[in-house]
Amino acid sequence: MKYYFYLSMSAKEFMPYYQGKASSIVVLSESGKRIQFPAMHLRSFLVSNGIHGRFCLETQNNKFLSIKKINM
């Protein structure tokens, strides 16, 4: 299953996830479904001003498969 969502989070807001003080992040998909997944999967998208953009999260049987940033 693929879930599409937008995320806009400053580097300061992401810091607890980056440091491991918070482990899961919850986003609202474009279809209106709440999606929870390990925040560590977003680390590769972190830049100096945070994490911003549209993403596609892919799962199978409710297990994480991949996450990709969608260029617009």
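Quick note: the coordinates plus some simple rules give every number you see, no bench work behind them. Model, not experiment: these values are computed from the prediction. Because the Cβ atoms are built from the backbone with ideal geometry, glycine has one as well, and the counts that use them run over all protein chains shown.
Annotations for the structure displayed:
- Residue pairs whose Cβ atoms lie under 7 Å apart, separated by 6 or more positions or on different chains, with the first residue in the stretch 46-63 and closer than 10 Å to MET1 by Cβ and the second outside any strand (DSSP E or B), are THR59/MET1.
- Given (1) in contact (Cβ under 8 Å) with a residue 24 or more places away in the chain; (2) touching a Ser or Thr at 6+ places or on another chain (Cβ under 9 Å), index of the condition GLN36 fails: (1)
- Scanning the stretch 14-66 for residues that are charged (D, E, K, R) and in contact with a Gly (Cβ under 7 Å, 6 or more places away or on another chain) turns up nothing.
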